[in-house]
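The structure appears below as structure tokens.
The values are calculated or read from the model by the stated rules, or taken from the named source; none is laboratory data. Note that the structure is predicted; figures quoted are calculated from it, not measured. Note that we place each Cβ from the backbone using ideal geometry, even for glycine, and neighbour counts take in every protein chain shown. Heads up: the accessible areas ignore ligands, DNA and RNA and are worked out on the full protein's heavy atoms, side chains in. Shrake-Rupley method; radii C 1.70, N 1.55, O 1.52, S 1.80 Å.
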Amino acid sequence: MNFLLRFSSVFKTLMMIITVICCLPHWSSLPLRFWVNILKNPHFTFDVHVSEVVDASLSVIAQTFMDACTKSEHKLSRDSPSNKLLYAKEISTYKKMVDDYYKGIRQMVSVSDQDMNTHLAEVSRSHTDKLNTQVALHQLYQYASKYYDG
């Protein structure tokens, strides 16, 4: 129950921040920041080593994603970075996909606070027997002790 209360307060805070921001360009920058960070740094999420070649490729993918999410048009010239030239033909298609995504979000029926709280309570109840903080803490300790220098 304590977990639900903490999660609920975090969720309410996030909803308040999003409500205060209340502007689509700012709203679209939140997922952009999240996904670009995940794309550029997969080792943050997954236990993988990223070679220089893969890192360069991920940089191009992240740049493509950022350009697809921006409203400004980029004029390409022979002095443009090569990574932007790689996806120059497809960028308009990607921009349309992003616009359609946010159009779909705007057209969604909003969910009431009561419905959201009810859903979160149900999810919390369905996982109460699956969460064991002692086991989780023990696993974190084992992981940390493996890399502890002292």
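Taking only protein heavy atoms and a 1.4 Å probe, what accessible area per residue, in Å², does the range 70-150 have with all protein chains in place?
Details: 7390 Å² over 81 residues.
I get 91 Å² per residue for the range 70-150.
Using per-residue counts of other Cβ atoms within 10 Å, averaged over each peptide, order 78-86, 103-111 from highest down.
Values: 78-86: 10.4, 103-111: 7.8.
Descending mean neighbour count gives 78-86, 103-111.
Please work out whether the range 93-135 counts as rounded, prolate or oblate from its C-alpha gyration tensor, where a ≥ b ≥ c are the square roots of the eigenvalues and a/c under 1.5 means rounded, while otherwise a/b larger than b/c means prolate and anything else oblate?
On the way: a/c = 6.09, a/b = 2.01, b/c = 3.03.
The shape class here is oblate.
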For Lys71, give me every one of the aspartates and glutamates with a C-alpha distance below 20 angstrom, ignoring sequence neighbours fewer than eight places off in its own chain. Glu90, Asp99, Asp100
Cα to Cα, under 19 Å, and not fewer than 8 places away if on the same chain: which aspartates and glutamates meet these conditions relative to Lys146? Asp47
